[in-house]
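**Student:** Structure in structure tokens, see below.
Values quoted throughout were computed directly from the atomic coordinates according to the rules given, and no laboratory measurement underlies them. Remember, it's a predicted structure, so these values are computed and weren't measured experimentally. Every residue, glycine as well, gets a Cβ built from its backbone with ideal geometry; the counts of neighbours run over all protein chains shown.
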Amino acid sequence: MIENRLIPNVNIFSDVASAIPVGDFSKKGFGLDALNESDGTSFKNVLSGMITNLNNEIDKPDQLLNEQMMGNPDVDIHDVVTAMAKAELGISLATQMTSKVVNAYTSVMQISI
């Protein structure tokens with residue numbers, strides 16, 4: 001028998017068996033039962049939370065600018081510019097996510113059953 005010293009001697013079955021005990025497959029996350037159980041968060045709740053956060057980020061530069069123009073010493077012009085950049089980045093991200101979701105929906109709808 002020819003011995004190849006470049007290939008490591010690995011027993012995959014013993015490595016997998018030691019990594020995941022057999023009893024753990026019945027726990028949540030390993031079976032189809034996990035699909036039927038929900039943890040209380042829905043896509044609608046996540047999406048509405050993201051939109052609320054985006055609206056807050058968009059309103060923040062205006063609030064900071066008003067406070068800075070009223071003479072509030074705690075607000076610096078750098079804070080206003082940073083808030084504007086965050087709002088612009090948030091709008092850009094939301095626009096890209098919207099187009100990706102619409103493209104995914106279009107792709108799913110084109111699948112014939």
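**Student:** Quote the relative contact order of segment 41-109 in percent (integer), defining contacts as alpha-carbon pairs under 8 Å separated by 6+ residues. Before the final figure, lay out the partial values.
**Tutor:** On the way: 26 pairs, mean separation 21.8, N = 69.
Worked out over segment 41-109, it gives 32 percent.
**Student:** May I ask you to derive the FRET efficiency for Thr82 and Asn55 from their Cβ-Cβ distance with R0 = 22 Å, giving the value to the nearest 0.05? Show your work: numbers first, answer last.
**Tutor:** On the way: r = 18 Å, r/R0 = 0.82.
The pair Thr82/Asn55 has a calculated efficiency of 0.75.
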